[in-house]
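A short worksheet on the structure shown next.
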Amino acid sequence: MRFITLTPIEENLLEEIEKDRPSYGEGQRAQMLLLSHQGYSVAEIMSICRVSRDTVSRCFDRWEREGFLGLEDQVRSGRPRLLTSVEEEVVLALLQAEPRSIKIVQQKVVEK
């Protein structure tokens, strides 16, 4: 059987990541590591998290190889983003200011 052993500091940080869930995947990987540390088997983790054995194994491998960096989502192929993160923040702020008027927000975005 394969188990992950964590230091108290790692355990606390993983609990924070699991609660805050920067992304769904990061939170789930943190949960798998915590469950392993608590003595759950790979089969039990598979059942609890509803993932495959390969997913659990990859999570453990990345943790052992990369530590906390291994929790981050990997870059995947797909459509390029239309907005930068700064532009996205601007759009979200405009939407909060005008939540019922998407057309007004669209006009402001085009103007900027």
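The values are calculated or read from the model by the stated rules, or taken from the named source; none is laboratory data. None of the values given here were measured: they were computed from a predicted structure. Virtual Cβ from ideal backbone geometry, glycine too; neighbours counted across all protein chains shown. Heads up: the accessible areas ignore ligands, DNA and RNA and are worked out on the full protein's heavy atoms, side chains in. Shrake-Rupley method; radii C 1.70, N 1.55, O 1.52, S 1.80 Å.
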Task: Between 0 and 90°, nearest 10: helix 53-66 axis offset from the chain longest Cα axis - done: 90
Open item on the list: At R0 = 41 Å, how high is the FRET efficiency between Met1 and Glu88 if r is their beta carbon distance? Nearest 0.05 is fine.
Closed with: 0.40
TODO: Can you find, among Gly67, Pro99, Ile9, the residue farthest towards the positive end of the dipole of the chain? Put +1 on the C-beta of Lys and Arg, -1 on that of Asp and Glu.
DONE: Pro99
- [ ] Would you mind computing, in nm to one decimal, how far apart the modelled labels at Ser52 and Lys112 are, each placed 7 Å from Cα along Cα→Cβ?
- [x] 4.2
TODO: Pop the C-beta distance of Arg65 and Asp20 into the FRET formula with R0 = 30 Å and round what comes out to the nearest 0.05.
DONE: 0.80
Task: Where the chain is the region considered: accessible area per residue in Å², 1.4 Å probe - done: 75
TODO: Using a 10 angstrom cutoff on alpha carbons, build the Gaussian network for the chain and name the most mobile of Val75, Val56, Val90.
DONE: Val90
Task: Acute angle (nearest 10 degrees) that the helix 85-97 long axis makes with the longest principal axis of the chain, alpha-carbon atoms - done: 60
TODO: Measure nothing fancy, just the Cα-based angle from helix 24-37's long axis to the longest principal axis of the chain, in degrees from 0 to 90, nearest 10.
DONE: 20
TODO: Quick one: pull the percent of accessible area on region 32-112 belonging to carbon and sulfur, 1.4 Å probe, ligands and nucleic acids left out.
DONE: 51
Open item on the list: Heavy atoms of the protein only, probe of 1.4 Å, neighbouring chains included. What is the accessible area of Val91 in Å², nearest 10?
Closed with: 30
Task: Of Leu14, Leu33, Leu95, the one that fluctuates the most in a GNM where the chain has Cα springs shorter than 10 Å - done: Leu95
Task: Exposure of Met46 as accessible area (Å², to 10), given a probe of 1.4 Å and all protein chains - done: 50
- [ ] Report the residue, chosen from Glu16, Glu64, Glu98, that carries the largest GNM mean-square fluctuation when the chain is represented by alpha-carbon nodes joined by springs under 10 Å.
- [x] Glu98
